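Worksheet: one structure, shown below.
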Amino acid sequence: MKEDKLIIQGIEFKSRFWIGTGKYKDFDETARVIEASGSDMVTVAVRRVNITDRKSPNLLDFLDPKKYKILPNTAGCYNVEDALRYSRLAREAGVSDMIKLEVIGDERTLFPDVIGLLRATEILAKEGFIVFPYTNDDPVMCKRLEDAGAAVVMPLGAPIGSGLGLRNPYNIKIILEASSVPVIVDAGVGIASDAAVAMELGCDAVLINTAVAGAKDPMAMAEAIKYAVMAGRLAYKAGRMPKKLYATASSPIDGML
């Protein structure tokens, strides 16, 4: 498994468990949970992290840039213009050329505005950004985003923060079959087994925040998901046995007395 690294546009990731940084009680807890997760990819909301005033407390001060890759995101942006502005702000501040792109279309469900998302992806990809778009579990839209220059596609498993797990694993399988870029499940994972399911399907990684931050013991949940992601990936690579309607004896009857 140590050799099973995820590489996206020349950037190498050792962990396939990517973690968010919202909803923790303070920066210290956030840093400790990230350490427990084993993740080397951390996403931060540009709107919630002070990246322009270095004199103020900043989450980035708690994350070793030699240890973690920072993925700024455009959480809370409801139109293309805001998403573009925050993406450019993060790059100009020296955070990263990578951007987790969110263009939200509905305040209640936080489902993406896929038309705006596609437009923003095209613009940012042309500007040299490495775009990670959060989208619906729609195989057609995922392909359109890939064609628009997205470095990966990030279909939701369920609504953000819902913890419902993968509501439509069949769509995820279709997305995986059609994609020539990595597929990363983003949103909806509620517990370790949900992460394992995503990895067993063949997803390249999972991005999780609320399942960890909202757990009674975030440190323990981060560790549980770390191992679930590893187990799911290993199971996928091992190849599951075929499903059968009837039983098959595990031991042959030859040699019975």
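Quick note: the coordinates plus some simple rules give every number you see, no bench work behind them. These numbers come from a predicted model, not from an experiment. Cβ atoms come from the backbone with ideal geometry, glycine included; neighbour counts cover every protein chain shown.
Hey, can you grab everything whose amide H is under 5 Å from the amide H of MET41? Only 5+ residues off in sequence or another chain; H modelled, so Pro and N-termini drop out.
Correct list: ILE19, LYS69.
Residues with amide H under 5 Å of ILE104's amide H, sequence separation 5 or more or different chain, H placed in the peptide plane at 1.01 Å from N; which?
HN-HN under 5 Å from ILE104: CYS77, TYR78, ASN79, ASP113.
What do you get for GluC sites (Glu not before Pro) in segment 87-137 restricted to DSSP loop and a cutoff of at most 10 other Cβ within 10 Å of the site's Cβ?
Here the GluC sites (Glu not before Pro) that fit, given the DSSP loop and packing criteria, are GLU107.
Among GLY239, GLY22, GLY163, which one shows the biggest mean-square fluctuation in a GNM of the chain, springs joining Cα atoms closer than 10 Å?
GLY239
Rounded to whole Hz and in sequence order, give me ³J(HN,Hα) for segment 16-23 from the Karplus expression 6.51 cos²θ - 1.76 cosθ + 1.60, θ = phi - 60°, writing x for Gly and Pro.
With coefficients 6.51, -1.76 and 1.60, one gets 9, 9, 9, 10, x, 10, x, 6 Hz.
I need ASP4, ASP40 ordered by Cβ neighbour count within 10 Å, fewest first. Walk me through the intermediate numbers first.
Working: ASP4 11, ASP40 17.
The fewest-first ordering by Cβ neighbours comes to ASP4, ASP40.
Using alpha carbons only, what's the Rg to Rh ratio of the chain with Rh from Kirkwood? Can you show the working numbers first?
Numbers: Rg = 19.3 Å, Rh = 18.9 Å.
My calculation of the ratio gives 1.02.
Find how many whole Å separate the alpha carbon centroid of segment 64-129 from the alpha carbon centroid of segment 10-28.
16
Cut-off 10 angstrom, C-alpha nodes, Gaussian network model of the chain. Which of ARG240, ARG119, ARG16 fluctuates the most?
Highest fluctuation among the options: ARG240.
Taking the Cα centre of the chain as origin, work out the dipole magnitude from +1 charges on Lys and Arg Cβ and -1 charges on Asp and Glu Cβ, in debye rounded to 20. Intermediate results must be reported in sequence, preceding the final value.
Values: 32 positive and 33 negative charges, 56 e Å.
For the chain, the charge dipole is close to 260 debye.
Under 10 Å, Cα contacts only: if you run a Gaussian network model on the chain, which one of ASP147, ASP204, ASP26 comes out with the highest mean-square fluctuation?
ASP26
Which percentage, to the nearest 5, of the DSSP beta bridges contained in segment 8-238 is antiparallel?
Numbers: 2 of 23 bridges.
Roughly 10 percent of the DSSP beta bridges within segment 8-238 come out antiparallel.
Hey, can you grab everything whose amide H is under 5 Å from the amide H of ASN73? Only 5+ residues off in sequence or another chain; H modelled, so Pro and N-termini drop out.
VAL44, ALA45, VAL46, LYS100
Helix 218-238 versus the longest principal axis of the chain: what angle, 0 to 90°, nearest 10, using Cα atoms?
It works out to around 50 degrees.
Which shape class, rounded, prolate or oblate, goes with segment 71-140 when its Cα gyration tensor gives a ≥ b ≥ c as root eigenvalues, a/c under 1.5 marks rounded, and past that a/b bigger than b/c marks prolate? Mind showing how you got there, number by number?
On the way: a/c = 1.97, a/b = 1.52, b/c = 1.29.
Prolate shape, in that a/c is at least 1.5 and a/b is the bigger ratio.
Where in segment 143-233 are there trypsin sites (Lys or Arg not before Pro) that are in a DSSP coil and have at most 15 other Cβ atoms within 10 angstrom of their Cβ?
Working: sites: LYS143, ARG144, ARG167, LYS173, LYS216, LYS226, ARG233; in loops: ARG167, LYS216.
Qualifying residues, ordered by number: ARG167, LYS216.
Rounded to whole Hz and in sequence order, give me ³J(HN,Hα) for segment 141-153 from the Karplus expression 6.51 cos²θ - 1.76 cosθ + 1.60, θ = phi - 60°, writing x for Gly and Pro.
Whole-Hz 3J(HN,Hα) from phi for segment 141-153: 5, 4, 5, 4, 5, 4, 5, 7, x, 5, 6, 9, 10.
Please report the antiparallel percentage of DSSP beta bridges with both residues in segment 1-120, rounded to the nearest 5.
On the way: 4 of 12 bridges.
Given both bridge residues lie in segment 1-120, the antiparallel proportion sits at roughly 35 percent.
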